Ligand SMILES: NC(=O)c1ccc[n+]([C@@H]2O[C@H](COP(=O)([O-])OP(=O)(O)OC[C@H]3O[C@@H](n4cnc5c(N)ncnc54)[C@H](OP(=O)(O)O)[C@@H]3O)[C@@H](O)[C@H]2O)c1
């Protein structure tokens, strides 16, 4: 029997690439989008899902149950970016960001687990970010939401191992997708002391995403994890220097690591 893989945010970027790749390998792929009617030419079905709404998540699982009674893998991919100086961040925007990047994926996990538990197996791959392991300047909200997803995945992994369910996170570095153009941008307050440095940091961030790697790398990594017997808690995939930063964060004195990050962002 073909494994059924649910990929959230399959209309664009990494999720689209993951879905195409898994479909080409013969998996039964079910994708999601907030506006599935806009994408009529995909070789796999797209169901409606808005992670910022519990009602939408409940409806989604009700619709899924009418299509299949199996769910072998959940790839919790959908997510959004947010930028802004922490001091000036609109907290309602940040709450809504956490709904999409943290509470939504968590609600997906909560509804996927009973299905997987009754099958005695399953895999959940939570897409985080290399920025989940370090507070990135002017992306503190994003680092926080992805960091929260990363930490709760560690806890969850130990809780559900007894049911034969494997959990891991996959932290991408920069990949060329539409994420930068869709991210929430917190404008500076009038006379903001952050204005110049924030704008400069934004240009650096956008350049990194535009020059990012091909999303197929993430798709191939996901396919590899699906085929593995045992998953590690965390994986990172991306440009060498970005992966190296994770090791440097662990081994360098904190002051030195912070200086490196500040140099990188010209702070
Ligand atoms: N690209 C990178 O460099 C990079 C780096 C690190 C981590 N990531 C993470 O990788 C994941 C995919 O990002 P991407 O780069 O592929 O971005 P993208 O091209 O903007 O795609 C984002 C996907 O998420 C879906 N989505 C957005 N808001 C949603 C919501 N409220 N409910 C349900 N679905 C929603 C979108 O679908 P609809 O608009 O059709 O609903 C879209 O399919 C994200 O979690 C992101 O944080 C990306």
| message | As a test of the definition: which semi-axes, in Å, follow for the chain when you take the square root of five times each eigenvalue of its alpha carbon gyration tensor? Largest first, please. | response | 32, 20, 17
| query | Could you give the distance between the Cα centres of the stretch 31-68 and the stretch 99-128, to the whole Å? | reply | 15
| How far is helix 195-210 tilted off the main Cα axis of the chain, in degrees rounded to 10, range 0 to 90? | 40
| note | Within the set 51, 231, 14, GNM on the chain using Cα springs under 10 Å gives the largest fluctuation to 231
| query | Sorting 139, 157, 34 on the 10 Å Cβ count, fewest up front, what's the list? | reply | 34, 157, 139
| note | tail above 24 Å in the computed P(r) of the stretch 1-122, as % of all Cα-Cα pairs, reads 28
| Can you work out D for the stretch 1-43 in µm² s⁻¹ from Stokes-Einstein, where Rh is the Kirkwood radius over C-alpha pairs, the temperature is 37 °C and the viscosity is 0.692 mPa s? | 317
| message | Using only the alpha-carbon atoms, how far is helix 54-67 inclined from the longest principal axis of the chain? Give it as 0 to 90 degrees, nearest 10. | response | 30
| query | Relative to the first principal axis of the alpha-carbon coordinates of the chain, what is the inclination of helix 104-119, with its axis defined by its Cα atoms, in degrees from 0 to 90 and to the nearest 10? | reply | 30
| task | Going by C-beta contacts inside 10 Å, put 60, 44 in order with the fewest on the left. | result | 44, 60
| task | Under 18 Å from a label point 7 Å along Cα→Cβ of residue 227: give me every residue in the stretch 1-41 with its amide N that close. | result | 1-5, 18-29
| query | Order of 8, 128, 28 from fewest to most other C-beta atoms within 10 Å? | reply | 28, 8, 128
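Rule-based calculations on the coordinates, nothing more; no lab input. Everything quoted here is computed from the prediction, not taken from an experiment. FYI the Cβ positions are ideal-geometry reconstructions off the backbone, even for glycines, and counts take in every protein chain you see.
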